[in-house]
Amino acid sequence: MGTVLKLIQFDHGSSKPNRPCSALSDVLPDLARLVSQIETLKISSIEELRQAFSVLDFASTCIRSIVTRHIPVATPRRRELLVQCDKIDQLITSARMQTSRLNEC
């Protein structure tokens, strides 16, 4: 779980990232690689599971930020992607709840 991502630094006063959009081509593969590593993990403890959920939360937040900053507001594609982000967040929340129930047993 020691993977480090180089993320775009956003200026919250501006709607544009501080780095050029070509930096997105660097970030997206890193996010995909990070999430795919979770699939290959042999999770054997609750702490490792929590770390996996944290990585999924992080990736989801990054993707939502990319969508909201780089896809024009009133477009069907943006709405579709944000709906998918919401579904992913719901799945993570549901999996967390199921895990907490298992932890109580």
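State all residues of region 46-66 that are hydrophobic (A, V, I, L, M, F, W, C) and under 27 Å from residue 99 (Cβ atoms); if no residue qualifies, say none. Before you say what the answer is, go through the steps one by one.
Of all residues in region 46-66, those hydrophobic (A, V, I, L, M, F, W, C) come to 46, 49, 52-53, 55-56, 58-59, 62-63, 66.
Residues satisfying the conditions are 46, 49, 52, 53, 55, 56, 58, 59, 62, 63.
Of all residues in region 31-51, count the ones that are under 11 Å from the mean Cα position of the chain (by Cα) and surrounded by 14 or more Cβ atoms within 10 Å (Cβ to Cβ).
Total meeting the criteria: 3.
Is it fair to say residue 49 is modelled with pLDDT under 90, under 19 Å from residue 32 (Cα atoms) and touching a helix residue (DSSP H, G or I) at 6+ places or on another chain (Cβ under 8 Å)? So that I can check it myself, show each step before the final result.
Values: modelled with pLDDT under 90: yes; under 19 Å from residue 32 (Cα atoms): yes; touching a helix residue (DSSP H, G or I) at 6+ places or on another chain (Cβ under 8 Å): yes.
Yes, satisfied.
The values are calculated or read from the model by the stated rules, or taken from the named source; none is laboratory data. Computed from a predicted model, the values in this text were never measured in an experiment. Heads up, the Cβs are rebuilt from the backbone with ideal geometry, glycines too, and the neighbour counts pull from every protein chain shown.
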